[in-house]
Amino acid sequence: MKTKRISEKMEKPLNEQMTREAFQAQVYLSYASWAEVNGLAGIAAFLYKHMNEERQHMFKFLKFINDRGGHALVQAIEAPPVDPKDLGDCLRKTLQHEIDNSKSIDKIVNLAHEEKDWATFNFGQWFVKEQIEEETLINKLLDQYNLATDQKRQNEN
C-alpha cells in the first residue's frame, strides 16, 4: 500500500480537474465532428488533435493522483454543449472553455501553495504553461477569423 502524499482537500479538486479534462476532450470531439460535417476539414483536424491532448491531460491527472498515493476516481462526464452556430461561435466557445479550465487549474495551484504541497504545485505549473499556450492559440485563431469576416463585410459594402 502506498503512502498517501496528497491531502484529501487536494485530492478532490485534482479528481474534479481530471473529469474536467475528460469533458474538455468531449467538447473538442463534438466540435470537431460538427466542423467535419460542415466542410471545415482544417478546423476539424485541429479540434481532433486537441481532443487527444485533453485526453492526455486527463491521464496525467489520473497518474499523478495515483502516484501520490491518492485514488483517481473516473466519473461520468456531462454531454458536450450543442453544436456551435458557426465557426466564430465555435472559436468563442472553445476559448471560453479554455479560460474556465485555466481558472480551475489556478485554484489547484493556489491550494497547493497554501498547503505547501510542492509536488502538486510543480505538477500544476506544467498545466499553467499549457493553458497559456492554449488560450493564446485559440485567441489568435479567433482574431484571424474576426479579421477575415470583418474584411469580408467591408468588401461587401
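The values are calculated or read from the model by the stated rules, or taken from the named source; none is laboratory data. Small disclaimer: the values here were computed from a predicted structure and weren't measured. FYI the Cβ positions are ideal-geometry reconstructions off the backbone, even for glycines, and counts take in every protein chain you see. All accessible areas refer to the heavy atoms of the entire protein, side chains included, with ligands and DNA or RNA removed. Shrake-Rupley method; radii C 1.70, N 1.55, O 1.52, S 1.80 Å.
Full extension from Val74 to Leu147: what is 0.36 nm times the residue separation minus their Cα-Cα distance, to one decimal in nm? Write down the numbers at each step before the final one.
Details: separation 73, 0.36 × 73 = 26.28 nm, distance 4.14 nm.
Taking 0.36 nm per residue and subtracting the Cα distance, the gain is 22.1 nm.
Under 12 Å from the Cβ of Phe123, count the other residues' Cβ atoms, weight Lys and Arg +1, Asp and Glu -1, and hand me the total. That sum, taken over residues with Cβ under 12 Å, equals +2. Rounded to the nearest 500, the 222 nm mean residue ellipticity of the chain from helices alone is -29000 deg cm²/dmol, with -39,500 (n - 2.57) taken per DSSP H run of at least 4 residues. Note on exposure: Phe64, Phe121 ranked by accessible area (1.4 Å probe, complete protein assembly) read Phe121, Phe64, with the most exposed listed first.
Segment Glu115..Ser7, full-extension length gain: 38.0 nm, with 0.36 nm per residue of separation and the alpha-carbon distance subtracted. Counting only protein heavy atoms and using a 1.4 Å probe, the accessible area of Ile132 comes to about 100 Å².
Pairs from the table (Lys2/Lys103; Lys12/Lys85; Lys9/Lys129) lying more than 27 angstrom apart at Cα are Lys2/Lys103; Lys12/Lys85.
Within the accessible surface of the chain, defined with a 1.4 Å probe on protein heavy atoms only, the carbon and sulfur portion equals 54 percent.
Normalising by residue count, the chain has a Cα convex hull of 106 Å³ per residue. If the segment from Gln96 to Glu36 were pulled out straight at 0.36 nm per residue, it would be longer than the present Cα-Cα gap by 19.5 nm.
Rolling a 1.4 Å probe over the heavy atoms of the protein chains gives segment 1-122 an accessible area of 55 Å² per residue.
Here's the picture: charge each Lys and Arg Cβ at +1 and each Asp and Glu Cβ at -1 in the chain, and of Thr149, Thr136, Ile6 the one pushed furthest to the positive end of that dipole is Ile6. A crude spin-label estimate for the pair Thr136 and Gln154, with each label 7 Å from Cα along the Cβ direction, gives 2.7 nm. Overall size of segment 85-138 from C-alpha positions, given as principal axis extents largest first: 45, 15, 10 Å. Treating each Cα of segment 25-85 as an identical point scatterer and summing with the Debye formula, the log10 of I(q)/I(0) at q = 0.21, 0.23, 0.25 Å⁻¹ comes to -0.80, -0.88, -0.97.
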